Number of protein chains: 2
Amino acid sequence: MAPESALRDVAADPVGLHRVLEPAGVLPQQALRLDTRAELWPDEVRIRVERLNLDAASYRQLHRKHGGDGDAIRAEVLEIVRTRGKMQNPETGSGGMLVGTVEEVGDRSPLGLDVGDHVATLVSLTLTPLVIEDALAHWDGSSEQVPTDGYAVLFGRSIAARLPDDIPTQLALSVMDVCGAPALTARHVARYRESGHAPVVAVIGAAGKSGSLCLAAARRSGAARTIGVVPHEQEAALLRAAGLADCVTIADARDPLALRDAVTEAGGPADITVVCVDVPGCEGGAVLATAASGTVIFFSMATSFSAAALGAEGLAADVTMLIGNGFVPGHAETALDLLRAEPGVRTLFEARG
Amino acid sequence: MAPESALRDVAADPVGLHRVLEPAGVLPQQALRLDTRAELWPDEVRIRVERLNLDAASYRQLHRKHGGDGDAIRAEVLEIVRTRGKMQNPETGSGGMLVGTVEEVGDRSPLGLDVGDHVATLVSLTLTPLVIEDALAHWDGSSEQVPTDGYAVLFGRSIAARLPDDIPTQLALSVMDVCGAPALTARHVARYRESGHAPVVAVIGAAGKSGSLCLAAARRSGAARTIGVVPHEQEAALLRAAGLADCVTIADARDPLALRDAVTEAGGPADITVVCVDVPGCEGGAVLATAASGTVIFFSMATSFSAAALGAEGLAADVTMLIGNGFVPGHAETALDLLRAEPGVRTLFEARG
């Protein structure tokens, strides 16, 4: 650990620049290595970590690489965290999130947390200084849920949410993991209503976690009609039973014309189309399913920027296309409230495991 | 050519589905091969082509592949158009645009064109049925400007703009090529003003073609302050001389903190940040240069969807991020009007050649 005088040499930056060791001048997410000292800068918070939730794509890559050998997976995770000072899979670039208890709060922290709060971090592990202190002795490497003991540091500009007492931790984490989507959907439905027009909202991938939350958020924000698009009858039955959509329709989202026709027949075109299905090639269909002057919100990380931009231009489609931002103030509380209020959302989350 | 009865068998689809030969059911842009028959469906328009403007990335790839051998480049372009029925470079996926004269207008065409109109198509060549009839005999393969004789077909839902009489064709084409950017910028500045707040607008890559138009559009739409960001002193001098920005500042847009600091010192953060610089890695800086609740419009095809989405989340940044759609109704006229009204825009376009 560096002497205190060294710490004073670098001023804290709200985005964590002061913790970047190499290369100089990049953001923590782009850094090769972070400074993991336990001492806090005045705007930081230290968390005693009890569990890491590795990003699913990251865990799958590790599992594949090591042929499912739990010891080898564990050794690699330890090595990554030791050398990088954060859990960022160098292959997938992804991280995950963590659960823990607030251990110390810097006197200028703006996050509003108190020592002892049970929290989940909603910023990625890819930018969070992390030290593992138990050599992952309680993890067999067989799942992305990693029980551990160690600490992590949050910067001034960061996001952590208190875990609720009335919802099982794992369920709350699943909700928080996708909570940006319903919050942004609700915001855009509300903007339509402010301009005097209750929108038709179509959600692509509507029986999934983010999809079901978006449907619930759209209806509660005052959508005129909600359309849930799913890929096959099994999901359609689940979604119908959940009662979250005014109309459930089946289409392959990668087939632009099938998607357009399905949404149109279900009461579209949509004023707002929300893409929650994590497969490539849905850009054209989402644009075609959307009314002129409508809005498409892309939440899928499989979205291609150029396919969306060139696709809309090629279709002469005057639609507003949004990159789904995972951060909207209050997003975790909003999503947990939807889970509490809508039994159908909870059913779908529990069906997804 | 197919007999007329065959043509009647397939109903015209405004996005051109009826012209897709293989694979079945995809949009024309994704098709391997289009139907190039000269006969028109009722909502189509046929253009007598006088020139193709190949996409710069496509031409560079061809030039590199053939070591600058003009005959080989010409042969490959002919072969692509012959086999695919459109000019879509299979390596880059990109096309370009064309200039020609309206030859025939279907009686149900919604495009408002008349026979004899001198037009440029603003939809990509990647989805435009095209036949070359002169074997490119007048092109030596040495530039992306391809004089030719042949025909192309526009669908019901397409975009073509009449070429103005008072502006040289090549200059008008350069303007039309990027005309979506100023139109979308103007729309979002106007929305801010409607909500009672004249926005600060920062344009990254401000001395370029789309950048200079965006600056001019922002000012004319009522921005409170316009900030032009350029990479070095040479462009700064050009932009200062053009008089399009209230403040010109120099920063490497790939360096998030440098970009944030430069925009802040120039009177930011920006309410609207417009990214026009075509290099990867500008997402984080654009987000950091933007005020809370602000808007980032990404026009660069080098934008990474996931870098933008994860970057904003990692920075806990509540910003609206837009995928720059190249189509906004009236965009070509708006951009040409900016060129006419702002000598500084014309100077910068002419400096870029």
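Give me the percent of DSSP beta bridges within the protein assembly as shown that run antiparallel, rounded to the nearest 5. Within the protein assembly as shown, antiparallel bridges account for around 55 percent of the total.
Counting 0.36 nm for each residue step from residue A:241 to residue A:104 and taking away their Cα separation leaves a gain of 44.8 nm. The modelled label-to-label distance between residue B:333 and residue B:32, using points 7 Å beyond Cα along the C-beta direction, is 4.3 nm.
Close amide-amide hydrogen proximity is noted between residue B:51 and B:99, B:148, each under 5 Å apart and 5 or more residues distant or on a separate chain (H modeled in the peptide plane; Pro and chain starts excluded).
Relative to the longest principal axis of the Cα atoms of chain A, the long axis of helix A:70-84 lies at roughly 70 degrees. Chains A and B together bury roughly 4200 Å² of accessible surface, counting both sides and using a 1.4 Å probe on protein heavy atoms. In this Cβ point-charge picture (+1 for Lys and Arg, -1 for Asp and Glu), chain B has a dipole of about 560 debye about its Cα centre. How far, in degrees from 0 to 90, does helix A:56-65 lean away from the longest principal axis of the Cα atoms of chain A, to the nearest 10? Tilt relative to chain A: about 70 degrees.
Other residues whose C-beta falls under 15 angstrom from the C-beta of residue A:52 contribute a net charge of -4, scoring Lys and Arg +1 and Asp and Glu -1.
Between helix A:305-314 and chain A there is an angle of about 20 degrees, using the helix long axis and the longest principal axis of the Cα atoms. Put a plus charge on the Cβ of each Lys and Arg, a minus charge on the Cβ of each Asp and Glu, and nothing anywhere else: the dipole of the protein assembly as shown about its Cα centre is then about 620 debye.
Ordering A:195, B:335, A:57 by the projection of their Cα atoms onto the charge dipole of the protein assembly as shown, which places +1 on the Cβ of Lys and Arg and -1 on the Cβ of Asp and Glu, puts A:195 at the extreme positive end. Taking every protein chain into account, the accessible area of the protein assembly as shown amounts to 38 square angstrom per residue (probe 1.4 Å). Would you mind pulling out the separation of the Cα centroids of the range B:84-153 and the range A:19-83, in Å? Cα centroid to Cα centroid, the span is 52 Å. Give me the net charge of residue A:208's neighbourhood, meaning all other residues with Cβ under 11 Å from the Cβ of residue A:208; Lys, Arg count +1, Asp, Glu -1. That sum, taken over residues with Cβ under 11 Å, equals 0. Can you give the % of DSSP beta bridges in the range B:4-166 that are antiparallel, to the nearest 5? Given both bridge residues lie in the range B:4-166, the antiparallel proportion sits at roughly 100 percent. Comparing the range A:180-351 with the 2.2 N^0.38 Å rule of thumb, its C-alpha radius of gyration ratio is 0.92 (two decimals).
Between residue A:96 and A:55, A:125, A:126, the built amide H atoms are under 5 Å apart, and every one of these is 5 or more places off in sequence or on another chain. The string of couplings for the range A:182-191 from the Karplus curve (6.51, -1.76, 1.60, θ = phi - 60°) is x, 5, 5, 4, 4, 4, 6, 4, 4, 5 Hz, one whole number per residue in order, with x for Gly and Pro.
Peptide B:20-29 is shielded by partner chain Cβ atoms: per residue, an average of 3 of them sit within 10 Å of its Cβ. Note on the protein assembly as shown: Rg/Rh from Cα positions, Kirkwood definition for Rh, rounded to two decimals, is 0.99. Where only DSSP H runs of four or more residues are counted, chain A gives -10500 deg cm²/dmol as its mean residue ellipticity at 222 nm, each run worth -39500 (n - 2.57).
When the P(r) is computed for chain A, the part past 36 Å accounts for 27% of the Cα-Cα pairs.
Evaluating 6.51 cos²θ - 1.76 cosθ + 1.60 at θ = phi - 60° for every residue in the range B:280-290, the Karplus couplings come out as x, x, 9, 5, x, x, 4, 5, 5, 7, 9 Hz, glycine and proline recorded as x. Restricting the calculation to Cα atoms, the range B:4-166 shows an Rg/Rh of 0.96 when the hydrodynamic-style radius is the Kirkwood one. The range A:276-350 and the range B:240-319 have Cα centres separated by 23 Å.
When a/c reaches 1.5 or more, the comparison of a/b and b/c decides; with that in mind, is the range B:280-346 rounded, prolate or oblate per its Cα gyration tensor? Taking the square roots of the gyration eigenvalues as a ≥ b ≥ c, the range B:280-346 is prolate. Dipole of the range A:53-167 computed with +1 at Lys/Arg Cβ and -1 at Asp/Glu Cβ about the Cα centre; of A:159, A:88, A:146, farthest Cα towards the positive end is A:88. Residue separation of residue A:265 and residue A:10 scaled by 0.36 nm, minus their Cα-Cα distance, works out to 85.8 nm of gained length. Within chain A, antiparallel bridges make up roughly 55 percent of the DSSP beta bridges whose residues both belong there. For residue B:158, no residue has an amide H sitting under 5 Å from its own, ignoring neighbours fewer than 5 places away on the same chain, with H placed 1.01 Å from N. Inter-chain neighbour count for B:291-299: the average number of beta-carbon atoms from partner chains within 10 Å of each residue's beta-carbon is 1.
Here the Karplus curve 6.51 cos²θ - 1.76 cosθ + 1.60, taken at θ = phi - 60°, turns the phi angles of the range A:89-105 into couplings of 4, x, 6, 8, x, 9, x, x, 9, 9, 10, x, 10, 5, 9, 8, 10 Hz, with x standing for Gly and Pro.
If you plug the beta carbon distance of residue A:198 and residue B:138 into 1/(1 + (r/R0)^6) with R0 = 51 Å, you get a FRET efficiency near 0.35.
Our summary of shape: the Cα atoms of the range A:12-59 have principal axis extents of 31, 25, 16 Å, ordered from largest down, in whole angstrom.
With springs connecting C-alpha atoms under 10 Å apart, model chain A as a Gaussian network and identify which of A:315, A:259, A:238 has the largest mean-square fluctuation. Of A:315, A:259, A:238, the most mobile in the Gaussian network model is A:315.
If you take all other residues with their beta carbon under 10 Å from the beta carbon of residue B:262, and give Lys and Arg +1 and Asp and Glu -1, the sum is -3. Peptide B:300-308 shows a mean partner chain C-beta count of 5 within 10 Å per residue C-beta.
The values are calculated or read from the model by the stated rules, or taken from the named source; none is laboratory data. Fair warning: this is a prediction, and the values are worked out from it, not measured in the lab. Because the Cβ atoms are built from the backbone with ideal geometry, glycine has one as well, and the counts that use them run over all protein chains shown. For the accessible areas, the whole protein counts, side chains as well, though only heavy atoms, and no ligand, DNA or RNA atoms are used. Shrake-Rupley method; radii C 1.70, N 1.55, O 1.52, S 1.80 Å.
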